[in-house]
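Novice: Just passing along the structure, written as structure tokens.
Laboratory data are not the source of any read-out in this text; all were calculated from the coordinates shown. Keep in mind that what you see is a predicted model, and the values were worked out from it rather than measured. Heads up, the Cβs are rebuilt from the backbone with ideal geometry, glycines too, and the neighbour counts pull from every protein chain shown.
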Protein chains: 2
Amino acid sequence: MTPDDEGTPYDADLMSAVADLGETLRGLVDASVRTAVPAAELHDVAGLVRAAAGRLGAATRPPGQLPPLDDPVRFRRVYNPVTGVGSALAPPLELREEPGGVVGEVTFGLAHEGPPGYLHGGMSGLVMDQVLGSATIRAGLWGMTARLELDYRRPVPLDTPLVCRGRVTEHGGRKSAVTGTIATAAEPDRPLVEARGVFVLPREELREAYFADVTDASGRHAPPSRPTDATAPARAAEDRS
Amino acid sequence: MTPDDEGTPYDADLMSAVADLGETLRGLVDASVRTAVPAAELHDVAGLVRAAAGRLGAATRPPGQLPPLDDPVRFRRVYNPVTGVGSALAPPLELREEPGGVVGEVTFGLAHEGPPGYLHGGMSGLVMDQVLGSATIRAGLWGMTARLELDYRRPVPLDTPLVCRGRVTEHGGRKSAVTGTIATAAEPDRPLVEARGVFVLPREELREAYFADVTDASGRHAPPSRPTDATAPARAAEDRS
């Protein structure tokens, strides 16, 4: 087991393999929307893809069980559709802390297109929900999205390095208000999209109802929660031992 | 060339192949997030995936050129990340007209997960942007997303048939206001997510600037526009001949 930069352990060989497959899948997804090969070749390639899926299907994790690489306390989620290194859907966006919030660079490709040449408007929503949510997590204020608002100032170009930012602006009790932006890396202070979100930690009983069946890879009950939640630090300490 | 239900022509063999590959890719994406095979097997499968991507990359369409199956007038987009039959990212959502708006059924899987067992909050944004945008298109009022607001009433379950609705509530000049919901198919009148959007047709000169390089597969300039736009009906008539 290898500790990551936040001190929680994971299987480095498995992480490397999941990241390898994730990157390769993203390459295949990109190739699939750019290709101009004839129909017969598309069917042949579909055969290869079915074979690959069949091999992955030889062993699967039980429903409700998180992947062994995931950390429900640190919110490391390898298949997250925005940030997951193993996700074929994710750009992926790598977020890190900066003073007051989180920041990350990302480039979208043709698979994420809406109007020709530009990012699908909904993709900005997908990404900003993650950026704002990650800002709450880094601030120890995890909650589920209760409201998300986006103002689209200019179209977001594809194949262009972008910078996404998010920061918690207010919090009290179970509720956090967060703002964020998408801009090009070349003009980081000229927002293309501005977002605001409200994230709410569900009440204990609701949280238990929502996540009753969620376990980590060892089979332990592992609902998402804030690090200040009574069960979380104990679990984190155990994981580090 | 085969006419589809809206009378525009396309290559049926190519459409069938793109849909086959799209469905197969979605199966692979799903398998990739459920798998529990060992690291060595993941690397081997990555090798297969690279081979598949390499074969698709043997011929690619030029930047700015829409796929031959796309119809810029009817907004048929085979690789749209929400509705595209060829998209590995799309659930896909199939939208149709209903009195006053559009409706479609969709089921999300583990690749779209946010909180364990539930849809990523941003995925609701991605889908609703598409649903609201499609409602404007069906009403002949295409515009780009200017604002999107989402209220999350309850978590959206995975592996559960959902119904999405959108309808234009107001329009004037270049601007349309649209509302929509996500609910389970079992309880379609109990919204899990409520959305509102404002879509704006960019001014002619801005539209030309945004989409200057966009062509259809024949090389003709093909910017997105409303069907009432001067160039669109002419192009549609030509396509049908």
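Novice: In nanometres, what is the gap between the two model label sites at A:Arg61 and A:Arg226, each 7 Å from Cα along Cα-to-Cβ?
Specialist: Label at A:Arg61, label at A:Arg226, 2.6 nm between them.
Novice: Helix hunt in chain A: which complete DSSP H runs extend at least 20 Å axially by C-alpha with mean Kyte-Doolittle at least -0.5?
Specialist: Helices passing the filter in chain A: A:12-34, A:39-56, A:121-138.
Novice: Name the long-range amide H neighbours of A:Thr60: under 5 Å, sequence gap of 5 or more, or other chain; modelled H, no Pro or chain starts.
Specialist: B:Ala36
Novice: A further question follows. FRET efficiency for B:Ala185 and A:Arg147, Cβ-Cβ distance as r, R0 = 30 Å, nearest 0.05?
Specialist: For B:Ala185 and A:Arg147, the calculated efficiency is 0.75.
Novice: Relative contact order (percent) for chain A, with alpha-carbon contacts under 8 angstrom and 6 or more residues of separation?
Specialist: 18 percent
Novice: Next question, about the same structure. Which residues' amide hydrogens lie under 5 Å from the amide hydrogen of A:Arg147, considering only partners 5 or more residues apart or on another chain, with H built in the peptide plane?
Specialist: Amide H neighbours of A:Arg147: A:Val198, B:Tyr152.
Novice: Please compute the contact order of segment B:94-201 in relative form: average sequence separation of alpha-carbon pairs under 8 Å and at least six residues apart, divided by the residue count, as a percent.
Specialist: Answer for segment B:94-201 is 31 percent.
Novice: Can you pull the mean other chain C-beta count within 10 Å for peptide A:70-80?
Specialist: Neighbouring Cβ atoms belonging to other protein chains average 2 per residue here.
Novice: So if I restrict to the alpha-carbon atoms in chain B, what is the Rg, and what is Dmax, the biggest pairwise distance, in Å?
Specialist: Just the Cα atoms of chain B yield Rg and Dmax of 19.3, 59 Å.
Novice: Per Stokes-Einstein, at 37 °C and 0.692 mPa s, what whole-number D in µm² s⁻¹ belongs to segment B:99-169, with the Kirkwood radius over Cα pairs as the hydrodynamic radius?
Specialist: Reported coefficient: 253 µm²/s.
Novice: Roughly how crowded by other chains is peptide B:128-136, in terms of the mean Cβ count from those chains within 10 Å of each of its Cβ atoms?
Specialist: 3
Novice: For the ranges B:187-194, A:49-56, A:130-137, A:183-190, what's the packing order if you count other beta-carbon atoms within 10 Å of each residue, average per peptide, and put the highest first?
Specialist: A:130-137, A:49-56, B:187-194, A:183-190
Novice: Under the convention of a label 7 Å out along Cα→Cβ, give the distances in nm from B:Glu204 to the same position in every other copy, shortest first.
Specialist: Nearest to farthest, the other copies are at 6.6 nm.
Novice: Amide H of A:Val193: which non-local residues (sequence gap of 5 or more, or other chain) have their own amide H closer than 5 Å, using H built in the peptide plane?
Specialist: Those lying under 5 Å, H to H, from A:Val193 are A:Arg153, A:Ile182.
Novice: Now, a different point. Enter the mean projected area of the convex hull around the alpha-carbon atoms of the protein assembly as shown, in nm², rounded to one decimal.
Specialist: 21.8 nm²
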